[in-house]
1. Taking the inverse of the average 1/r across all pairs of different Cα atoms in the range 182-320, what Kirkwood radius in Å do you get?
2. With springs only between Cα atoms under 10 Å apart, run a GNM on the chain and tell me which of 68, 45, 230 wobbles the most.
3. Within a 10 angstrom radius of the beta carbon, how do 66, 182 rank from fewest other beta carbons to most?
4. From the P(r) of the range 268-328, can you give the percent of Cα pairs sitting at distances over 13 Å?
5. Between residue 94 and residue 272, how high is the FRET efficiency from 1/(1 + (r/R0)^6) when r is the Cβ-Cβ distance and R₀ = 45 Å? Nearest 0.05.
6. Note down, for the range 110-222, the three equivalent ellipsoid semi-axes (square root of 5 times each alpha carbon gyration tensor eigenvalue), biggest first, whole angstrom.
7. Running a GNM on the chain with Cα contacts under 10 Å, which residue among 184, 360, 85 ends up with the highest mean-square fluctuation?
8. Only Cα pairs within less than 10 Å get springs; with that Gaussian network setup on the chain, which residue of 341, 159, 246 has the largest fluctuation?
Amino acid sequence: MNAQPEFTLQVHDSIAAIGREAWDACAGPTGDPFVSFDFLHACEASGSAVARQGWGPRHLTLMGPDDAVLGCMPLYLKGHSQGEYVFDHSWADAYQRAGGQYYPKLLGAVPFTPATGPRFLHAPGTDGATVRAALIEGALTLTQRLGVSSLHVNFPNAPEWSAMGEAGMLRRQDMQFIWRNDGYATFDDFLAALSSNRRKTIRRERREAQGDLDIRVLTGSDLTEAHWDAFFDFYQDTGARKWGRPYLTRAFFSMIGETMADQIALVMAFRDETPIAGALNFIGRDALYGRQWGALEEVPFLHFELCYYQAIDFAISRGLSRVEAGAQGEHKIARGYLPSPVYSAHWISDPALRTPVARYLEQERSGVEAEIVAMTAELSPYRSIA
C-alpha cells in the first residue's frame, strides 16, 4: 500500500517477520514494555495471540525509500472480541442480528493488556505526526481492502486518540484507576496524604494480609521457572473463575522471564516457603503496570496487599510516577487510585451501524467525563486534591 510517494506500507503476518532490531528502533524510545518486540513476540511465539486463537497478526510497517522501517503498528485480524477490555459485543450482536458480519475485524492493540500506551511507533529522526498519519491511513485502507466490518484501536495515548478523531474515526472514552506519585519518599509519606480513616484502614488491611506470610518482590535474576510454575497456577485459577479460559499459555511466562526479566516485578506471597499467591507487574520507564493476579488460598485483604500496596511501595522505591493497576475496580479509589480517562477509537465501515454507534459514543463520553469528576470529588481518600 502506498502512503506517500516516497513511503510504502507493508503488512506482516508475524512480528518475527519484521525483526527485533527494526521493531524496537521504533518501540524502544517509548519506554513502554508492552509494545516492545519481546512482549509482542512472546504473545505470538507462545501460541497465545495467533490466528488459531482468533488473533491473526497483520502488523503494519511504514518503509522508507531505502527499505528502512520508519514506523510500525501492532495490528491483528480478530475473529472475536475476547481479551480486549474495550467492549463492543453489543455492536457485534446488533450488526449480526441485522444480517451483517461483524467478524473478522481489525484491532490495533496489545493483546490481553488494558494499558494506555503508544499504538503508532516511529523511528528516531522521523516526524512522529507524519508517521502516525501514514499508519492511520494505512490501517483504514487495509480495513477496506480486506472487506472487514471495522477497525478498532484500543488504549492509545491522548494525542493519538485526537489524531484518529481528526481522521474520521469514532472516539470512545472510559476510565481506569491510577495511583500517582506526588513525590513520596516512603509508603508512610503516601499514607500521610490520606484522610485519618483511610490511613487506619490501609494499615489494618496490610497487617491482616501480611500476617504470617513472607511477601517478596522478585525481579531480574531472582525470577526462576519454579516461580513461573507457581504463578501460572494462580493465573489459571483466576482466569477460570473470571472468563472461563486463561488467554496466556505457560510458555508465554517463560519467554518473558527470559527476555524481559528486568522489566518484571513479580510479587509473591509464601507460606512456609510454599507460594500461595502472586501479582505480576511490568516496569515501564515511568510507570508500574499491574497485570495478572491469582491465589490458591483465601487470605483477607491479600489481593489489596499484593496488587495495590506492594505496587505503590515498589513505585515509590523506583521513583516511578504512577501505578496503572488495570481495568475496572471502583474499590481501588479507597486505596489511593483515582479515576482517569482511557481511550479507544473505532472505524465502522457500514453507515447503518456507524451512525447509531457514533451517537451512542457521544453520549457515553459526556457521561464518563462527568462520572470521573463526581467520583474524584465524592470518593477520594486524600485530604485534599490538587
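Derivation of every value follows stated rules applied to the coordinates shown; laboratory data play no part. Because the structure is a prediction, the values reported are computed rather than measured. As a convention, Cβ positions derive from the backbone with ideal geometry for all residues, glycine included, and neighbour counts pool all protein chains shown.
1. Computed over Cα pairs of the range 182-320, the Kirkwood hydrodynamic radius comes out at 15.7 Å.
2. Looking only at 68, 45, 230, the biggest GNM fluctuation is shown by 68.
3. Ascending number of Cβ neighbours within 10 Å: 66, 182.
4. 60 percent
5. On the way: r = 54 Å, r/R0 = 1.19.
E between residue 94 and residue 272, to the nearest 0.05, is 0.25.
6. Output for the range 110-222: semi-axes of 43, 17, 16 Å.
7. Judging by the Gaussian network model, the answer is 360.
8. Judging by the Gaussian network model, the answer is 159.
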